[in-house]
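S.K.: I am attaching a structure below and will ask some questions about it afterwards.
Each reported figure results from applying straightforward, stated rules to the coordinates on display, with no laboratory input. What you see is a predicted model, and the numbers here were worked out from it, not measured in a lab. Note that we place each Cβ from the backbone using ideal geometry, even for glycine, and neighbour counts take in every protein chain shown.
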């Protein structure tokens, strides 16, 4: 059976659901479902509540583990949804991309400024800081044949991620 549901975008944004995602991107994409795929957030009731308060009326939010997101996205009952997937990091994006068909575009928004790591980060753009390991993961994502770009908000010009990885 051919898949009918529409995944509009998979976004990597370490803040998950916040003003830009909840209002700007959701309206721009005209979606009725946001799926946040993050193991840690799925266990944090306070974070889930805060995210649910930010989303616009008429949009349903699911904050689930990456494994559960893959299951939901592959469930035939999702056929009539318009879906916006948000993950916290490139690793989670890659897990979803390896297990879910029909994702038309990957957007990397605000990533790497908030997360602390012992490994040094490289600034690829003003709101995109990555480790060498994350660069390898992003390169693998970009090699999958799906449009992959950096763009904080829809009214900014999208920059193809391969141009930033040179």
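S.K.: Which whole-number value in Å³ per residue fits the convex hull of the alpha carbons of the chain?
M.R.: Per-residue hull volume (Cα only) is 112 Å³.
S.K.: In degrees from 0 to 90, rounded to the nearest 10, what is the angle of the helix 132-142 Cα long axis to the longest principal axis of the chain?
M.R.: Roughly 50 degrees, rounded to the nearest 10.
S.K.: How large are Rg and Dmax for the stretch 70-113 when only the alpha carbon atoms are used, in Å?
M.R.: 11.5, 37
S.K.: Still on this structure: Output the antiparallel fraction of DSSP beta bridges having both residues in the stretch 8-138, as a percent to the nearest 5.
M.R.: Within the stretch 8-138, antiparallel bridges account for around 15 percent of the total.
S.K.: For the chain, what is the relative contact order in percent, using Cα pairs closer than 8 Å and at least 6 residues apart in sequence?
M.R.: 29 percent
S.K.: Something else about it: Can you give me the distance in nm between label points at residue 46 and residue 71, each placed 7 Å from the Cα along the Cα-to-Cβ direction?
M.R.: Simple spin-label model gives 2.8 nm for this pair.
S.K.: So, one more: Angle check, please: helix 45-54 long axis (alpha carbons) against the longest principal axis of the chain (alpha carbons), in degrees 0 to 90, nearest 10.
M.R.: Value to nearest ten degrees: 80.
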